[in-house]
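For reference, the structure discussed in these notes is given below.
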Amino acid sequence: MVPVRFMSLTGQYSSFGSPMWPRRHSSMRVRYSSRPFADDFPSVPPPPKVTLTKEDLDRHGITKEPVILTRITITYADPGSAFLSKFRNSIKQYDIIAVTPTTDSALKQTVSQTVVDVDIIALGPEERGTRFARKLLRLAVERNIYFELSYGPCITDSTRRQQTITLSHVLHHSFRSANIIVTSQARIPSHLRRPYDVMNLGKFFGLTDAGAKAALVAMGHNVVYFAAMRRQGVARCAAQVTLLKNTNGQDDSIAKYEGLDDARKYLKTQNA
């Protein structure tokens with residue numbers, strides 16, 4: 001049984017030309033206990049499964065089979081707990097893993113920990129007071145972690161609109177809006193906006209025209225791509241370049257280059 005609200009949202013996404021929809025699971029707001037042996041963690045539910053029949057697609061005017069991704073958002077404040085390590089296998093079942101750190105220490109753990117590969121740091125207006133150390137931000141960018149800004153709160157509440165704009169400008173001044181994605185956080189179809197409207201809204205977030213377009217298109221693609229690569233373990237592969245055919249009469253001993261450094265040296269000699 002497909003929820004009516006979910007189908008209404010997917011139908012609206014389809015009218016905007018989007019073939020891929022990340023379906024959020026209900027965000028888990030986890031408050032870690034300060035007790036060292038506390039075991040009162042909430043359980044992590046399995047990813048929801050949605051099956052769309054041809055009748056469902058036709059009813060909402062959807063012509064192409066959509067790609068529905070699952071996402072879990074974990075909100076926490078105390079990094080001293082074993083929640084991530086305890087439920088790491090359950091968390092890794094989701095396609096996209098997002099974390100909302102509410103303290104500076106939680107933000108530091110989110111960026112530096114290796115228990116769970118975090119794809120998105122989702123920051124709301126209530127986290128605008130969190131300090132953003134440039135070293136942590138650079139580390140997040142190097143690890144291909146993206147920062148999420150949602151325009152949904154800007155539509156429903158003027159106070160949250162101003163808070164979101166303030167937060168976006170803090171991010172812009174911290175690391176020049178690198179690795180920022182803009183999402184809707186919409187619960188009902190009327191809160192969705194067309195891509196060009198969102199790009200114009202990106203200017204209020206301190207983004208340039210190119211940055212607003214990238215935050216909506218390219219960066220969103222990168223989030224999904226790097227999340228898939230992490231699950232497949234591509235980041236742990238070693239690079240090797242092998243010449244398939246030696247046409248220059250060179251010695252066979254230089255026909256094979258192992259490692260990125262040797263590959264770069266070979267490419268430089270070929271382009272010289």
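Phi-derived couplings, Karplus 6.51 cos²θ - 1.76 cosθ + 1.60 at θ = phi - 60°, listed residue by residue for region 212-229: 5, 5, 5, 5, 9, 10, 5, 5, x, 4, 5, 4, 5, 5, 5, 5, 5, 5 Hz, with x used for Gly and Pro.
When Ser85, Ser168 are arranged by Cβ crowding within 10 Å, least crowded first, meaning fewest neighbours, the order is Ser85, Ser168. Taking amide H as placed 1.01 Å from N in the peptide plane, Thr100 has its amide H under 5 Å from the amide H of Ile74, Thr75, Tyr76, Ala122, each at least 5 places away in sequence or on another chain.
The C-alpha atoms of region 98-198 occupy a region whose extents along the principal axes are 39, 23, 22 Å, arranged from largest to smallest.
Bear in mind that the values in this text are calculations on the coordinates, not laboratory data. In this text, all values refer to a predicted model and were calculated from it rather than measured experimentally. Backbone-built Cβ (ideal geometry, glycine too); neighbour counts: all protein chains shown.
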